[in-house]
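So the structure is just underneath, and the comments pick up after that.
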Amino acid sequence: MKRTRFFIKKLLWAIFTIAFVVVLNFFLFRVLPGDPARQGIRDPRMTKKSIEAVRVRFGLDKPVINCFSSVNPLKVGNCFINPLDTQFFIYARNLFKGDFGISFHYNRPVRDILMERLWNTVLLIGAGQILAIVLGVTVGVIAAWKARTSVDYGALSLSLLAWSLPTFWLGMIFLFWGSNNGFPIGGKATPGMSSAPLNEQVADVLQHMILPTLTYTIIFMGEYMLIMRSSLLDVLSEDFILTAKAKGLSTFQILKDHALKNAMLPLVTVIALNLGFTMAGAIQIETVFSWPGLGGAIYEGVVRRDFPMLQGAFLMIAVSVIIANLMAELGYSLLDPRVQSE
Amino acid sequence: MAISVTLETLPAKRTPFQNFWRTFRKNKMGVIGLVFLVLIILVAIFAPWIAPYDPYSSVGISAKDVYQPPSPEHPLGTDDAGKDELSLFVYGSRVSLTVGFFASFIAIAIGGSVGISAGYFGGRTETILMRFNDIMLVIPDLALMVVIIALTKPSLWNIILVIGLLGWTFTSRIVRSQTLAVKSKKYVLRARAIGAGSWHIVNNHILPLVLPLLVVNAVLVISISILNESALSFLGLGDPTLISWGQMLNYAFARGAMSSGAWWALVVPGFGIVWVVLALTLLGQGLEQVFNPRLETHHLTARKKTSFPEPAVPSGRPQLSPPPLLTVRNLSIEYKISENSAARAVDNVSLTLRKGEMLGLVGESGCGKTTLMLGLLRLLPAAGSIVGGSIDFDGHDLISLSDAEMMDVRWKGISIIFQGAMNALNPVRTVGDQVAEAIKQHDSNISGDAMASQVAELLDLVGIAPERKDDFPHQYSGGMRQRAMIAMALACDPQIVIADEPTTALDVMIQAQILELLSSLRERLGLSIILVTHDLGVVAEMCDSVLVMYGGVLAEYASVDQVYNSPQHPYTRELLKAFPNLANPEKKLSSIPGYPPRLDNLPAGCRFAPRCTLAIERCELELPEIKEISEKHYVGCHLLDVS
Amino acid sequence: MTETILEVISLKKTFTADKPSLIFGGKERLVHAIDGIDFTLARGEVLALVGESGCGKSTLALTLMGLEKPSGGRILFDGKEVTTFNNAGLKEYRKRIQMIFQDPYESLNPTQSIEEIVTEPLLVHGLGRNKEERRRLAIRALEDSGLKPAEVYLERFPHQLSGGQRQRVVIAGALVLEPRLLLADEPVSMLDVSIRAEIINLLAELRQSRQISVIFITHDLGTVGYFADRIAVMYLGRIVEIGPTHEILEFPGHPYTKALLSVIPVPNPRLRRKRIILKGETPNPIDIPSGCRFHPRCPVAVEACRVTDPTFVNVSKNHLVACLSVSPA
């Protein structure tokens, strides 16, 4: 019963956060450039009339929200207008219906583009994170167990180095080396592969995935190793480890049955906190390797001034992270029986 | 009755900062990081003198200079515009470092203030601040930064502001936890009790204790800011009028360095970023190790193979029949303090334990009683080792057993109860599970049902309702946890149970319950018990024999009657005088001036001599031998020398 | 001279454990940490407050210090109502009543020198015209606490001192304001046995020389036998018995006191007493039992105990017991 209450509280909070991001997203794109329509169509030959027509088409002639007809907080306007007829509400309603607008560059609905890309990002990040966790945990456990020996120092040095590498730079180095050594120079699949048999397509995608995933894994592995090591060192100094030893358990048994579960808990917290960094990594890697994912969508949105794309990609990234964070929190509460009183 | 302490006995004066510097100096990682960092900062400051060319001017550059490999005129090659890479590198350091430091300054200032306010004021302030913090924490940083800068102007100050204003969330969380931890310390309560106001408390008590954490965190934030700046520049959002390493990589990527094979254009700026971030990371790790020293040995650290100790010197006692269950002869245990020095935590201690006997092991902090017990079970940490004597249990010499054989003896022959108030039970596994584990370890063929019924029986034996086997340790009260530990200790029907301060942290009534339980179990099961404690009253009520330890040596060892009614060792006598006796409550308590010796500073002669009012010259020079002064009454004191 | 310095009347302090949630509802659950405490303290008197965990002794200390606002009842210090003090009044009050804590390792800020620690109260209250004078006052306080030569200690830091020395610094820090009342919350439980007596004897000496009253909170009845004038026994937020020391120890009236006295280990192996070991543990102060709060664990409880909450009965002139089984003298 207590657990259900805990879950519901966390779920409500996640929903609230998403709402906050939606509002933030709206105001960011209204406040900062002022008039996206003008930004989007930077043709100096456009007449006033056609600019006006574009504005109407994008709904920019309507008041932003009750009491404020523009985003200038000092200019108070009419509070008693129909709230359903404000830019904000229209924006919110469209979002709810899944309408993210039309990409300036591709001239297709942003949602369609992003949905394709979402899975590409999940594929890349998923593979990279899983490998990073598995490797990081393994090396971290070994390093903690053999603390202060050369094995430990070696692992520590490599991890600190990996943690210090800029993600995009590592990607560039790999790409540079890879392109001179037979690896594809970017993208998810070789052009023309869509007509090939399925297993060849899969192999092709995998080949394209190797370098970006490798980049991703190396960057995150360093951090996970460090966390796992220090967490396990802490756990192994606890009294219950001595109790286990006194009971006659072997080192391996103690690691397996007592230490690992406890040591994993801080790691889960860190993985949750890291989800933002994960996305930062995705943005950089997808840009370098031209991988068609959400991160790449952000880059394209910036470079091409494609604001609907940029706005939509940002929103989707933020919401994904919020949901992933929620799942991590719930997962953590299942692992740690002490978490219920919040 | 005041104590005067002479100047020599107090350690030399040293401020906390001097302490810090002494420790930090020895930390290799931190010093290397600091040196690297200082180097690159110097490069940035003296850029105009170090760089061979001015990268901001295009004077003297022609098309043929584009992407030239390293050569004498251009030791690191040239970039896509023909500019000298070395000069670009040197000037690029300025922007990266400037953004890094300024942005993190903003982030730390905001994060620190938010964290301290939330932690100190609590209540609604805390809730609002932390909720806001949580939201900002979840929103992906880089994505938001990209959006904001893309929608505004990519200028240096913009970037600094954006990185700074979004980078405080992690800091504030950490600062808040630390503030809460400090706030609960007694010295803050004392400050409030004196009547100090919030400002005074935050300034004098909270801030100095939060500062080390903030410094470590600042280093981390600086490195993240630099990484963020370079990522933003790489994505094309850097200040186009300035050279930064990220900017250099942006141009290299977008303007075909890779297809031209101009690897130097990739390596040089990247190297710069790695240099700074690595320096900061090493510095941060070093600082962390100094502020939060973590002992990098733990219970599973491998022990070096020690040479077997010298053959035991027989204590000259005739063997009585039946022979005792446990005979410890002249046991000595050393702890390694540093590379070349070791301290004798236990020196030449002997004892015997018969079946059904309860021995009380008494002593104050640092006397070695817990070390002695851990030594019996060969559970000493990696720094400790048995260097002499023998341990004879049920016919086997425990010291010469292999690790595997010792694992069999543990719990099944001898089990141990630790202070349950601490983390002696694994918090994420159920109590029943942990009890069952002990059973299964020594009886691997047992069926699940048999195991479950044994667990239920054991819990019932100690007065815990069997349904509670599926609860976790934190759901038990302190007294119940201790009972659970007892149940677990009995799981394999041991012959000897060692109870190490089993009731020290418990209330007096719960203590009585636990001791009553131990006493009745001893009768029912025929257990032998070694009770380790500092409480002389408990020993008097429960034990058959008493071993008094001081500074690692045996002071007095006899039956409980002999020790309490005719104590011979000066320490035993003084200790009895210092211990309150409810049967004679008006008696004024005495104390023993001075304090127990520290392991790394043991006196040359008798360990108690510095505090002994009867000490003679011999006591300061020579460690007394343990002699049997009357039937089974052993004392180690020169004053009782029969000669 | 038995002028009353402190008078506590029906003091109550309640904390909120659970608030009803906006979404899920639920009841409010209150922790009745202290639930009606009455006693007086004379000038220069030592009162030992004895009880186990959950009895509310620490909450009582904090409330008397003004660090927690009472939920009910009155505190009169020197005849003035502490509960109605404003900020200035409270600050003034803090000069008169000082506290010593249990953990000598946590009571001192590791970044402050001993001089800073002992002069801090002077700074807070604006006493001592300049640094020199404050230093002088600090030296005097340190010497009165038995740390001589005090000058040597001034420049040191807490981590360089032993547990006993630290506790003396804490006492010096309390003495420097020349208080009339010292609240000592388990000041020796974390010290080695051979050192405890030093600190207790120091407090006894200070009581003699400065006529300071002391409220000595402890769970260990044995340590206060010779030092306390009176003993008050607390259980679940109430005082269940209070009286002169030797009377409480020789002729305890309340079943709880009797049980406590019977189980405290005595270092005399030939003395075999009948121990009254209570079953179970002290209940949670959230769910206080009906009637006499001790009745579920009381070995002599009768039907009436479940219904009636006993008030104090005089078993002798100064000896009060709150128990239905006890009849007045």
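Read-outs: derived from the displayed coordinates by stated rules, not from any lab. Computed from a predicted structure; not experimentally measured. No Cβ is skipped: glycine too gets one built from the backbone with ideal geometry, and neighbour counts run over all protein chains shown.
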query: Any idea how far the Cα center of region B:54-111 sits from the one of region A:201-250, in Å?
result: 37 Å
query: What distance in nm separates the simple spin-label points at C:R210 and C:L30, each placed 7 Å from Cα in the Cβ direction?
result: 3.8 nm
field: Using distinct alpha-carbon pairs, which all enter the 1/r mean, Kirkwood radius of chain B in Å
entry: 30.5 Å
query: Expressed as an acute angle from 0 to 90° and rounded to the nearest 10, what is the orientation of the C-alpha long axis of helix A:48-57 relative to the principal long axis of chain A?
result: 50 degrees
query: Counting DSSP beta bridges with both partners in region C:4-321, what percentage is antiparallel, nearest 5?
result: 60 percent
task: Give the cross-link partners of B:K369 among the aspartates and glutamates, using a straight C-alpha distance below 15 Å as the criterion and excluding same-chain residues fewer than 8 apart.
output: B:E334, B:D347, B:D500, B:E501, B:D535, B:E556, C:D192
task: Please report, in debye to the nearest 20, how large the charge dipole of region B:420-493 is about its Cα centre when each Lys and Arg carries +1 at its beta carbon and each Asp and Glu carries -1 there.
output: 300 debye
Directionally averaged projected area (convex hull, Cα atoms, region A:89-193), nm²: 11.6 nm²
task: Let me know the charge dipole size of chain B about its Cα centre in debye, to the nearest 20, where only the beta-carbon of Lys, Arg (+1) and Asp, Glu (-1) is charged.
output: 1600 debye
task: Using the number of other C-beta atoms within 10 angstrom as an exposure proxy, rank B:I32, C:I75 with the fewest first.
output: B:I32, C:I75
Fully extended contour minus Cα-Cα distance, from C:R74 to C:E3, at 0.36 nm per residue: 23.7 nm
- prompt: When averaged across all projection directions, what area in nm² does the alpha-carbon convex hull of chain A cover?
  reply: 25.2 nm²
- line: In nanometres, the difference between 0.36 nm per residue of separation and the alpha-carbon distance of B:A181 and B:D394 is 71.8 nm
- request: Mind jotting down a quarter of the surface of the convex hull over the alpha carbons of the protein assembly as shown, in square nanometres, one decimal?
  value: 61.9 nm²
query: Is it possible to state the helix-based mean residue ellipticity at 222 nm for chain B, with each DSSP H run of 4+ residues giving -39500 (n - 2.57), the sum divided by total residues, to the nearest 500 deg cm²/dmol? What is it?
result: -14500 deg cm²/dmol
message: Could you identify which residue out of C:I114, C:I195, C:I100 has the top mean-square fluctuation in a GNM of chain C using Cα springs shorter than 10 Å?
response: C:I195
message: Report the gain in length on full extension from B:F121 to B:T98: 0.36 nm times residue separation, minus Cα-Cα distance, nm rounded to one decimal.
response: 4.9 nm
query: R0 = 41 Å: FRET efficiency of B:V215 with B:A302, Cβ-based, nearest 0.05?
result: 0.75
statement: Put in order of increasing Cβ neighbours within 10 Å, starting from the fewest, B:T327, B:T169, A:T47 give A:T47, B:T327, B:T169
field: Likely footprinting exposure, B:T613, C:T83, C:T59, A:T149, fewest C-beta neighbours within 10 Å first
entry: B:T613, A:T149, C:T83, C:T59
- prompt: Past the 18 Å Cα-Cα mark, which pairs from B:K186/C:K131; B:K186/C:K57; A:K146/B:K440; B:K186/C:K80?
  reply: B:K186/C:K131; A:K146/B:K440; B:K186/C:K80
message: Let's test the formula: R0 of 22 Å, r as the Cβ-Cβ distance of B:V35 and B:F291. What FRET efficiency results, to the nearest 0.05?
response: 0.65
query: For region B:420-493, what is the relative contact order in percent, using Cα pairs closer than 8 Å and at least 6 residues apart in sequence?
result: 46 percent
- prompt: Put +1 on the Cβ of every Lys and Arg and -1 on every Asp and Glu Cβ in chain B; which of B:S415, B:L525, B:A107 then has its Cα farthest towards the positive end of the dipole?
  reply: B:A107
- prompt: Label-point separation (nm) for C:K12 and B:N340, each offset 7 Å from Cα along Cα-to-Cβ?
  reply: 7.1 nm
- prompt: Given Cα pairs under 8 Å that are at least 6 residues apart, what percent is the relative contact order of chain B?
  reply: 11 percent
- request: Determine which lysines satisfy two conditions relative to A:K48: a Cα distance under 26 Å, and not lying fewer than 8 residues away in the same chain.
  value: A:K62, A:K75, B:K153
- request: Mind checking B:375-382 for the average number of partner chain beta-carbons within 10 Å of each residue's beta-carbon?
  value: 2
- line: Computed from the beta carbon distance with a Förster radius of 41 Å, FRET efficiency for C:T311 and A:C79 to the nearest 0.05 stands at 0.05
query: Using a simple spin-label model with points 7 Å from Cα along the Cα→Cβ vector, what separation in nm is obtained for C:E151 and B:E617?
result: 3.5 nm
